[in-house]
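Quick notes on the structure that follows.
Please treat every number below as a calculation from the coordinates, not as lab data. Only a predicted model underlies this, so the values are computations on that prediction, with no experimental measurement involved. All Cβ positions, glycine included, derive from the backbone under ideal geometry; neighbour counts span all protein chains shown.
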């Protein structure tokens, strides 16, 4: 019965469910796979979550620690209602998008080269990285499983990734038009590259199944080091040949 479950075990269940869904995707994952990862009997796992959908919803909701875990008396967690996980993801996206540094920059009037912060793009990249890192488990889960879940795919690839790339294209085009930055290629290509590069380092590298090779750079470099590198890289890559721009 749910009341006999150790109070600290649900966090372990959430972590295991996240790892299994990330490894196998939504359709291929079965409750037995999560039970095996935990060394539990399948029937025991049903004391924590009603079914596979409930395990997936719990992983998305709780794995990053943004919500308190349910009380033992509230277990097993029920299966989510239709579109409930998509609504959860949409809500989190909306909360982060509302005060993105990128959107703040777009809301400001256009400036000439001399009036633009030479490190503005680096700041936007750092802000995006930090937001992705806060939700890295849920992002990896959703990115892995959304293609198999249509309602989630619509939110994730539309409101999420595509909308952010479009906003970056607008930002890059505006700044290039004023001479504040120089584009090393098409704005659409650079915007997609920025999003993919930041996501790789903020999220995907943490789930790389390949062990580091001897003598290779540490794949677990701390977030502060990585964000500083990405900010410097992109600031330099877009620096205009202008005496107003310090390098």
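Calculated [222 nm] ellipticity per residue, helices only, for the chain: -17500 deg cm²/dmol; basis is -39500 (n - 2.57) per DSSP H run with n ≥ 4, divided by all residues, nearest 500. Give me the one-decimal Kirkwood hydrodynamic radius in Å for the chain, with the sum taken over alpha-carbon pairs. One decimal place: 20.0 Å for the Kirkwood radius. Each peptide in 45-55, 191-201 was scored by the mean count of other Cβ atoms within 10 Å over its residues; highest first, the order is 45-55, 191-201.
Normalised by the number of residues in the stretch 2-74, the mean separation of alpha-carbon contacts (under 8 Å, six or more apart) gives a relative contact order of 47 percent. Relative contact order, whole percent, for the stretch 84-237 stands at 35, derived from Cα pairs under 8 Å and 6 or more residues apart. Counting only the Cα atoms, the stretch 2-74 fills a convex hull of 77 Å³ per residue.
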